[in-house]
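Step one of this worksheet: look at the structure below.
The values are calculated or read from the model by the stated rules, or taken from the named source; none is laboratory data. As the structure is a computational prediction, the values presented were derived from the model and not from experiment. Note that each Cβ is placed from the backbone with ideal geometry, even for glycine, and that neighbours are counted across all protein chains shown.
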Amino acid sequence: MLIAIYLYLSGGGSFAILDFIEEKQDLVAAVVMDDARKKSSLVIIKKMTSRAKEFHKQRGASKKQAKKLIEKNADVDAIDNVISTNFEQYKQYNTVMLDLRFELKEHVTEKEWQKIFLTSK
Amino acid sequence: MLTTRYIKRYYFFAVLAITLVMAGCSSSGDKQSPQDIQAKAFNDFKSQLTLIVKNKPREDALLVIVDELEVDVNQLLSELSKRKQGFEKINANYHSTREEFTVFFRAINNNIQQQSKKVTTKYRRLQKLLTNTEQNKLNKYNSDLIKSFVNLLKAA
């Protein structure tokens with residue numbers, strides 16, 4: 001049962017707070033009028049999507065590792081280690097995504113930004 | 001020394017807490033509010049606990065811990081919700097600086113980590129007071145609690 005619930009929890013959607021930006025791709029395409037800026041913005045969104053996928057893959061690997069350790073009844077330190085590694089990956093991911101968020105801002109006007117991000121997801 | 005079973009159960013909850021910290025899940029179709037579902041899950045857990053634990057002093061101590069656990073879980077969920085909403089608010093402001101994001105994340109993640117530790121510590125105390133047989137009997141209600149936490153996250 002332990003593992004079943006663990007997997008159930010692991011199955012839910014997006015786990016990283018910055019992911020929602022890459023989900024705004026369609027809105028960016030619709031709102032940013034200038035072709036060059038639109039193109040640059042979409043390249044950045046693509047980078048965000050790619051980084052998000054990479055992060056989710058890492059997280060999936062950590063979860064698998066933790067699951068194995070749980071099954072083997074590994075000691076507390078081993079599992080804590082997996083969890084803290086995962087948290088470090090999360091912090092790095094957040095930093096990269098924030099960099100990209102500011103990069104995106106360079107190609108979007110204030111009005112466009114409001115149209116994209118003041119609407120709910 | 002920890003028994004195998006104890007380690008399993010402790011980590012079950014430890015992993016849950018970490019998952020909650022990082023989580024933001026998909027939508028649910030429940031008609032009851034997530035808060036109602038969670039409150040019911042805690043009440044069911046407590047009712048079962050009083051039926052299963054036959055030793056009165058232990059039962060009283062356990063009920064106190066469950067009440068404290070409920071407060072801590074709600075606080076953790078609230079911090080997670082604050083992080084999501086706070087981030088969206090800062091992000092929506094075109095003029096927000098990198099420093100504002102950094103300060104926000106540092107503070108909120110610190111709160112989340114501390115709150116998460118509180119939850120796992122309480123759960124650990126709970127498990128210490130339960131026998132293996134009692135823990136097995138409570139497992140179903142335990143998983144209902146977990147589901148109720150996930151429901152609340154979905155609604156956050």
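Observations, loosely collected:
- For the stretch B:63-75, the condition holds for no residue, the condition being that it is under 30 Å from A:L118 (Cβ atoms), within 12 Å of another protein chain (Cβ to nearest Cβ) and surrounded by 13 or more Cβ atoms within 10 Å (Cβ to Cβ).
- If only residues of the stretch B:76-90 that are buried (at least 19 other Cβ atoms within 10 Å of the Cβ) and touching a residue at least 60 places away in the same chain (Cβ under 8 Å) are counted, the one that is farthest from A:F117 (Cα to Cα) is B:L77.
- Close pairs from the stretch A:33-52: first closer than 18 Å to A:K111 by Cα and assigned to a helix (DSSP H, G or I), partner at pLDDT below 95 and of a type in the set (G, A, S), Cβ under 7 Å, at least 6 apart: A:K38/A:A29; A:L42/A:A29
- Residues that are under 27 Å from A:Q58 (Cα atoms) and more than 9 Å from chain B (Cβ to nearest Cβ) within the stretch A:100-121 comprise A:L100, A:E103, A:L104, listed in sequence order.
- The condition of being under 27 Å from B:N110 (Cβ atoms) and at pLDDT 75 or above holds for A:A61.
- Some residue of the stretch B:114-136 being crowded, with 17+ Cβ neighbours inside 10 Å, in contact with a Gly (Cβ under 8 Å, 6 or more places away or on another chain) and at pLDDT 80 or above: no
- Residues in the stretch B:91-112 that are closer than 18 Å to A:K91 by Cβ and surrounded by 15 or more Cβ atoms within 10 Å (Cβ to Cβ): B:N91, B:F101, B:F104, B:F105, B:I108, B:N109, B:N111, B:I112.
- Count of the stretch B:20-44 residues, restricted to those that are among the polar types (S, T, N, Q) and either modelled with pLDDT of 80 or more or in contact with a strand residue (DSSP E or B) (Cβ under 9 Å, 6 or more places away or on another chain) (or both), is 1.
- Top-ranked residue in the stretch B:91-105 [being in a helix (DSSP H, G or I) and facing chain A (nearest Cβ under 10 Å); ranked as nearest to B:Q35 (Cα to Cα)]: B:F105
- Pairs with Cβ under 7 Å, 6+ apart, first in the stretch B:50-67 and among the acidic types (D, E), second at pLDDT below 95 and not in a helix (DSSP H, G or I): B:E59/B:V53
- Residue that is modelled with the highest pLDDT [pool: residues in the stretch A:79-98 that are more than 27 Å from B:E100 (Cβ to Cβ) and more than 10 Å from every other protein chain (Cβ to nearest Cβ)]: A:T85
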